[in-house]
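The values are calculated or read from the model by the stated rules, or taken from the named source; none is laboratory data. What you are looking at is a predicted structure, and each value in this text was computed from that prediction instead of being measured. When we count neighbours, we look across all protein chains shown, and the Cβ atoms used for this are built from the backbone with ideal geometry, even at glycine. The area values use the complete protein model at the heavy-atom level, side chains included, leaving out ligands, DNA and RNA. Shrake-Rupley method; radii C 1.70, N 1.55, O 1.52, S 1.80 Å.
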Amino acid sequence: MRAQDFIFLDFEASSLSPQSWPIEAGAAWLDEKGNACSWSSLIRPAPAWPRSDWADAAENVHGIPQQELDHAPEAGRAAQELAGLLAGRTPVADAPEFDQRWLERLFAVRPGLDVPLIRDFNDVADEAFDGLVLDRLYEKLSRQPRPHRAGPDALRMARAFAHARAIATGQRG
């Protein structure tokens, strides 16, 4: 699989509970030249999502106040935009068990959107790289701060993948 076939996803959410809902979606991918590109959007909660599932502890991590979501794009709009970005690509995340749930919850507001299966970042990295290149990927990842915002977190994964790809193809070290 080519590096351009992957899209790296991240979500921020109302909490980590089973009833949680996405409050921000982020995606990052590599263009044909290996440059990392990204998209992100805050998400206005869908009417069916329980506002009572807001966790102050989650807000302390991502720093997005609940009232900021009242002016965010509607969930259906964010779902449609993200679906367009996912088309033809394999989604990858570093916490697929959570991100899959939030992707499904987001896409459920727009019936008819296909929900792809999110692959685990570690599995994809292990398949794509080995040895020193794999070590350099994780070194790059660990040296980039994790801001706990969906767009920058997705971009962090894409940049680490691009770095490893460049080493593997002899473009830089």
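State the answer as a single residue: which of Leu113, Leu69, Leu155 lies farthest towards the positive end of the charge dipole of the chain, with beta carbon charges of +1 for Lys and Arg and -1 for Asp and Glu, about the Cα centre.
Of the listed residues, the answer is Leu155.
In degrees, nearest 10, range 0 to 90: what is the angle between the Cα axis of helix 75-86 and the longest Cα principal axis of the chain?
The two axes meet at around 20 degrees.
Taking only protein heavy atoms and a 1.4 Å probe, what accessible area per residue, in Å², does the range 11-114 have with all protein chains in place?
Numbers: 4890 Å² over 104 residues.
Dividing the accessible area of the range 11-114 by its residue count gives 47 Å².
If I take every Cα pair under 8 Å that is 6 or more residues apart in the chain, average their sequence separation and divide by the length, what percent do I get for the relative contact order? Mind dumping the intermediate values first?
Details: 301 pairs, mean separation 50.9, N = 173.
Value for the chain: 29 percent.
What is the percent carbon and sulfur in the accessible area of the chain, measuring with a 1.4 Å probe over the protein chains and ignoring ligands?
Numbers: 4110 of 8470 Å².
Summing carbon and sulfur atoms, their accessible area is 49 percent of the total for the chain.
Solvent-accessible area per residue for the range 134-173 at a 1.4 Å probe radius, Å²? Don't jump to the answer; show the numbers that get you there.
On the way: 2080 Å² over 40 residues.
Result: 52 Å² of accessible area for each residue.
Of Leu155, Leu16, Leu137, which is the most mobile in a GNM of the chain whose springs link Cα atoms less than 10 angstrom apart?
With Cα springs under 10 Å in the chain, the top fluctuation among Leu155, Leu16, Leu137 is at Leu16.
Which of the peptides 138-144, 78-84 is most tightly packed, and how do the rest follow, judged by the mean count of other Cβ atoms within 10 Å per residue? Working shown, then result.
Working: 138-144: 13.7, 78-84: 18.9.
Ranking, from highest mean packing down: 78-84, 138-144.
Per the helix-only calculation at 222 nm, which mean residue ellipticity applies to the chain, given -39500 (n - 2.57) for every DSSP H run of n ≥ 4 and division by its residues, nearest 500 deg cm²/dmol?
Details: 6 runs with 71 residues, N = 173.
Mean residue ellipticity at 222 nm (helix-derived): -12500 deg cm²/dmol.
Just add up the charged neighbours of Val61: K/R +1, D/E -1, any other residue whose Cβ is under 13 Å from the Cβ of Val61. Provide the component values of the computation, followed by the final result.
Values: positive: Arg146, Arg149; negative: Asp10, Glu12, Glu24, Asp56, Glu59, Asp153.
Result for the neighbourhood of Val61: -4.
Against the longest alpha carbon principal axis of the chain, how many degrees, from 0 to 90 and to the nearest 10, is the axis of helix 150-168 turned?
Relative to the chain, helix 150-168 is tipped by roughly 10 degrees.
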